[in-house]
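Colleague: Before I ask anything, let me first share the structure, which is written out below as structure tokens.
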Amino acid sequence: MNPTALIAEDEPLLAQALQAELTAAWPELRVIAIAGDGRSAVREALDQLPQVLFLDIRMPGLDGLGVAAELADAWPLDEAPMPQLVFVTAYDEYAARAFDAQAIDYVLKPVQAERLRRTVSRVRAALEQRTASPLPADDALAGTLAQWRRALAAAEGAPAAAPLKLIAASQAGSSGNSVRMVPIDEVQYFEAADKYVRVVTAQHEYLIRTPLKQLLPQLDTQVFWQVHRAVVVRSDAIESVHRDESGRQHLTLRGRTEKIPVSRLYAHLFRAM
């Protein structure tokens with residue numbers, strides 16, 4: 001059976017160019033869907049279950065990184081193994097070096113035939129190896145997610161900003177006219193919610209408009225752990241880790257009653273627990 005692929009690219013001409021170059025470099029590959037935005041890419045990927053994903057890093061709404069994160073959680077492993085991931089990016093020397101250093105597959109825009117052939121060669125080898133020597137499901141999942149984590153880290157690896165000490169936030173449920181400076185040491189977790197980020201302490205909840213992506217470089221990664229695409233928790237506030245019947249992990253934090261979901265991408269943080 002011929003391998004299948006999905007292309008997620010919001011510029012139709014670039015999507016067509018990539019498909020044409022793929023046809024030349026990998027005639028057996030069937031492009032079964034072209035999605036023009038991230039949300040469509042998630043829907044099409046879960047519907048079609050392609051073996052390879054070509055994801056544009058920068059798309060309106062949900063970008064390629066967000067698509068990868070959502071699919072990592074939602075992929076039906078009982079129906080198909082997780083796909084090989086290739087990021088598509090406009091030329092950026094820093095990003096290219098980051099991907100190269102992590103041995104992550106990427107394609108530069110505009111598409112360069114020689115670079116695409118190298119990527120195709122690596123992806124084909126990975127698919128053939130998976131077919132010839134299938135790993136146990138848990139090992140295969142761990143390997144694929146490790147690649148995706150490296151890719152996400154490489155693409156988002158902007159220089160760290162000065163660490164936060166205080167956060168100007170509005171009390172949740174208030175009119176928004178009152179702002180409190182919340183010490184970072186009081187924060188149990190951050191959660192992206194609609195247009196806001198929830199800043200949750202043991203007793204209170206606040207709202208800020210700063211996107212979670214902008215907050216992350218200002219947080220000490222030894223103190224705050226990302227456990228889901230929308231949630232970052234204080235590591236020393238974790239009280240317990242639970243696994244439900246489906247194998248999904250949830251956290252409880254000291255002083256809080258809610259359960260916080262752990263994405264497959266970050267489940268490795270709690271493997272020893």
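The values are calculated or read from the model by the stated rules, or taken from the named source; none is laboratory data. Computed from a predicted structure; not experimentally measured. Using ideal geometry, Cβ is built from the backbone for each residue, glycine included, and neighbour counts are taken over all protein chains shown.
Colleague: Could you give every pair whose Cβ atoms fall below 9 Å, whose first residue belongs to the range 221-245 and is closer than 20 Å to A202 by Cα, and whose second residue is assigned to a strand (DSSP E or B) and of a type in the set (K, R), counting only separations of at least 6 or pairs across chains?
Modeller: Within 9 Å, the pairs are V223/R234; F224/R234; W225/R234.
Colleague: Based on what the data block shows, is D78 under 19 Å from T4 (Cβ atoms), in contact with a Phe, Trp or Tyr (Cβ under 9 Å, 6 or more places away or on another chain) and modelled with pLDDT under 90?
Modeller: Considered against the rule, which asks whether it is under 19 Å from T4 (Cβ atoms), in contact with a Phe, Trp or Tyr (Cβ under 9 Å, 6 or more places away or on another chain) and modelled with pLDDT under 90, D78 comes out as no.
Colleague: Considering only strands (runs of 3 or more DSSP E) fully contained in the range 169-273, which possess at least 3 residues that are within 22 Å of the chain's Cα centre (by Cα), aliphatic (A, V, I, L, M) and surrounded by 14 or more Cβ atoms within 10 Å (Cβ to Cβ)? Even if it seems obvious, please write down each step before you answer.
Modeller: Values: elements: 179-183, 187-193, 196-201, 205-208, 224-228, 231-234, 238-243, 249-253, 260-262.
Filter on the range 169-273 gives 231-234.
Colleague: Do the conditions hold for A151, that is, is it out of contact with any Leu (no Cβ under 9 Å at 6 or more places or on another chain), at pLDDT below 85 and in the same structural domain as R130 (by TED's automatic domain parsing)? Explain how you work it out, then say what you get.
Modeller: Working: out of contact with any Leu (no Cβ under 9 Å at 6 or more places or on another chain): no; at pLDDT below 85: yes; in the same structural domain as R130 (by TED's automatic domain parsing): yes.
Taking the combined requirement at face value, the residue does not satisfy it.
Colleague: Does V231 satisfy the condition of being under 18 Å from M181 (Cα atoms) and out of contact with any Leu (no Cβ under 6 Å at 6 or more places or on another chain)?
Modeller: It is false that V231 is under 18 Å from M181 (Cα atoms) and out of contact with any Leu (no Cβ under 6 Å at 6 or more places or on another chain).
Colleague: Condition (residue is at pLDDT 90 or above and either farther than 20 Å from L22 by Cα or part of a helix (DSSP H, G or I) (or both)) applied to the range 94-109: is it met by at least one residue? Show your work before the answer.
Modeller: Kept after step one, since they are at pLDDT 90 or above, are these residues of the range 94-109: none.
For the range 94-109, residues at pLDDT 90 or above and either farther than 20 Å from L22 by Cα or part of a helix (DSSP H, G or I) (or both): absent.
Colleague: Then there is this: Going by the conditions given, is A33 in contact with a Leu (Cβ under 7 Å, 6 or more places away or on another chain), small (G, A, S) and part of a helix (DSSP H, G or I)?
Modeller: On the way: in contact with a Leu (Cβ under 7 Å, 6 or more places away or on another chain): yes; small (G, A, S): yes; part of a helix (DSSP H, G or I): no.
In short, no.
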